[in-house]
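Student: Next up is a structure, given as structure tokens.
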Amino acid sequence: MLNWLFGKKEQKKIDLSRIGIDIHSHLIPDIDDGVQTIEESVDMIRKMQELGFRTVYTTPHVIWDCYKNTPDTILSGLADVRLACKTAGLTVEVHAAAEYFIDEHFTELLHTPGSLLTLPGNRVLVELPYSTPLMNTSETLFSIIEMGYTPVLAHPERYTYFYADPTIYKTLCGQGCELQVNILSLGSYYGENVQKMADWLLKHELITFLGTDAHRMQHLDMIGKGRNADLIAHYPFQNEKLMNL
Ligand SMILES: [Fe+2]
């Protein structure tokens with residue numbers, strides 16, 4: 001069934017219009033480790049429009065130890081980006097949510113009604129630590145569901161401590177969590193282990209959404225490389241469903 005993925009390799013031009021909406025990017029200047037200037041932001045959003053996106057959600061980090069972003073910092077930055085895009089004649093829609101690191105501050109926000117910036121359908125984009133697991137990942141993600149949100153776990157293919165037993169992702173999906181893989185993980189950008197994990201998630205049909213996780217233009221330039229075009233043309237990613245919510 002997945003012969004197109006694991007069979008012959010043939011490079012095609014990438015067309016992201018089938019994906020339509022990006023749900024993970026860092027395009028608001030100088031509030032996290034993403035773009036640093038408004039010009040960089042406009043250049044990247046122009047490139048995203050050229051790649052085929054019609055809607056872009058930018059999702060600044062909220063990591064209370066280093067990026068103390070709030071709806072105010074994010075939405076005022078969004079207003080500047082939108083104005084610059086309009087002046088530049090871009091037609092792609094730009095919205096904002098956030099990428100929440102699961103820490104004590106996130107737990108406070110989770111229990112304070114109306115304080116989370118969400119993706120369409122009351123979805124919350126969350127990330128886990130990269131090298132040390134939380135004590136109770138599945139319980140923590142389930143608590144998000146209990147509060148009435150759908151957790152979208154950012155780049156599950158990058159959490160190295162789950163490589164030995166990735167079946168946790170079946171458990172998470174079974175309890176209502178959605179998984180967002182980075183487009184660049186489908187190729188070799190983050191290394192062989194990340195690509196293998198992305199392949200495992202593809203084979204088990206556990207990926208709900210793709211995202212660029214674009215922090216700089218280099219990320220967008222790399223998206224067209226390798227087998228990404230074939231994958232995007234064939235796999236039933238769900239991004240487009242979010243466009244009508
Ligand atoms: Fe990110």
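Student: What's the total number of residues in the stretch 80-130 that are over 16 Å from Met44 (Cβ atoms), of a type in the set (A, V, I, L, M, F, W, C) and in a loop (DSSP other than H, G, I, E, B)?
Tutor: 6
Student: State which residue is nearest to Gly187 (Cα to Cα) when the search covers only the stretch 137-169 and only residues that are within 16 Å of the ligand (Cβ to nearest atom) and either among the aliphatic types (A, V, I, L, M) or modelled with pLDDT under 95 (or both).
Tutor: The residue in question is Ala154.
Student: Looking at Gly20 and the list (1) of a type outside the set (D, E, K, R); (2) within 14 Å of the ligand (Cβ to nearest atom); (3) in contact with a Leu (Cβ under 9 Å, 6 or more places away or on another chain), which single condition is not satisfied?
Tutor: The number of the failed condition is (2).
Student: Do any residues in the stretch 117-131 that are closer than 16 Å to Asn239 by Cβ have Cβ atoms under 7 Å from those of residues that are assigned to a strand (DSSP E or B) and of a type in the set (Phe, Trp, Tyr), where the two are at least six apart or on different chains, and which pairs are they?
Tutor: Leu119/Tyr57; Leu125/Tyr100
Student: Among the residues of the stretch 199-213, is there at least one that is part of a helix (DSSP H, G or I) and either within 16 Å of the ligand (Cβ to nearest atom) or of a type in the set (Gly, Ala, Ser) (or both)?
Tutor: Within the stretch 199-213 (the criterion being part of a helix (DSSP H, G or I) and either within 16 Å of the ligand (Cβ to nearest atom) or of a type in the set (Gly, Ala, Ser) (or both)), the answer is no, since none of the residues qualifies.
Student: Kindly indicate whether Ser185 is assigned to a helix (DSSP H, G or I), within 16 Å of the ligand (Cβ to nearest atom) and of a type in the set (Ser, Thr, Tyr).
Tutor: The answer is yes for Ser185.
Student: Can you go through Leu75, Leu90 and tell me which one is more than 16 Å from the ligand (Cβ to nearest atom), under 25 Å from Lys241 (Cα atoms) and under 20 Å from the mean Cα position of the chain (by Cα)?
Tutor: Step by step, each of Leu75, Leu90 is checked, and only Leu75 is more than 16 Å from the ligand (Cβ to nearest atom), under 25 Å from Lys241 (Cα atoms) and under 20 Å from the mean Cα position of the chain (by Cα).
Student: Which of the residues belonging to the stretch 176-199 are surrounded by fewer than 20 Cβ atoms within 10 Å (Cβ to Cβ) and farther than 19 Å from Pro151 by Cβ?
Tutor: Matches in the stretch 176-199: Gly187, Ser188, Tyr189, Tyr190, Gly191, Glu192, Asn193, Gln195, Lys196, Asp199.
Student: Could you list, ordered by first residue, the pairs with Cβ atoms under 7 Å in which the first is in the stretch 24-41 and free of Cβ contacts under 8 Å to residues at least 60 places away in the same chain and surrounded by fewer than 24 Cβ atoms within 10 Å (Cβ to Cβ) and the second is of a type in the set (A, V, I, L, M, F, W, C) and in a loop (DSSP other than H, G, I, E, B), at least 6 apart or interchain?
Tutor: Sorted first by the residue in the stretch 24-41, then by its partner, the pairs are Pro29/Val35.
Student: So in the stretch 27-64, with the set limited to residues that are within 16 Å of the ligand (Cβ to nearest atom) and in a strand (DSSP E or B), which one is farthest from Asp103 (Cα to Cα)?
Tutor: Out of the qualifying residues, it is Val56.
The values are calculated or read from the model by the stated rules, or taken from the named source; none is laboratory data. These figures come from a predicted structure and were not determined experimentally. Note that each Cβ is placed from the backbone with ideal geometry, even for glycine, and that neighbours are counted across all protein chains shown.
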